[in-house]
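Single-structure report; data block below.
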Amino acid sequence: MFVTDALRDALAQVKELSRQIPELHAIKVQLETERDALKIEVSDLQDALRDALARLDAANNNLTQLRAELERRLHEKDEELDGIRSVSPSHSHSHAQRLYHGVDPGGVGKGGKGDMSPLPEIRMLKKYGFLVSTLLQWLLAIN
């Protein structure tokens, strides 16, 4: 009886293992499909990272150029203020205040002498300042 019981147990194990083969094959196919999908996703993410880094480099280059342009314009305005101060010290304070507040003290605007229209340079500096702050916020959001 001992041999018959052992044979019966072995046959039961073979049936159980035979039943598990299709289940294991299905699991293997599912895992291979998931692996392939993950490979594609990793490849897509690597491409997206390369694109984002290229955009970041372009943004950094643009920011550097913009900074250089703004520094150049600021230097020009500083020289202009220095020139005004050297011409008329008493007049330079009110002229500097008007420049600071963005009005044309020399009357070169549409209204003639005493025109209080904003200077185009000041408007551009404000615009560039906004662009710089926007670019910086965008760069910080990326990092």
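The values are calculated or read from the model by the stated rules, or taken from the named source; none is laboratory data. Note that the coordinates shown come from a computational prediction; the quantities given were computed from them, not determined experimentally. Backbone-built Cβ (ideal geometry, glycine too); neighbour counts: all protein chains shown.
Here are some notes:
- Within segment 45-70, residues that are under 19 Å from V132 (Cα atoms) have Cβ atoms under 9 Å from residues that are surrounded by 11 or more Cβ atoms within 10 Å (Cβ to Cβ) and modelled with pLDDT of 90 or more in no pair, counting only partners at least 6 apart in sequence or on another chain.
- Test: residue in segment 5-16 that is touching a residue at least 12 places away in the same chain (Cβ under 8 Å) and of a type in the set (V, I, T): no
- Condition check for R85 on (1) over 36 Å from the mean Cα position of the chain (by Cα); (2) surrounded by 11 or more Cβ atoms within 10 Å (Cβ to Cβ); (3) at pLDDT below 65: one failure, at (3).
- Out of L119, L139, L74, one residue alone is of a type outside the set (D, E, K, R) and at pLDDT 80 or above. It is L74.
- Filter pass, T33 being surrounded by 10 or more Cβ atoms within 10 Å (Cβ to Cβ), of a type in the set (V, I, T) and under 20 Å from F130 (Cα atoms): no
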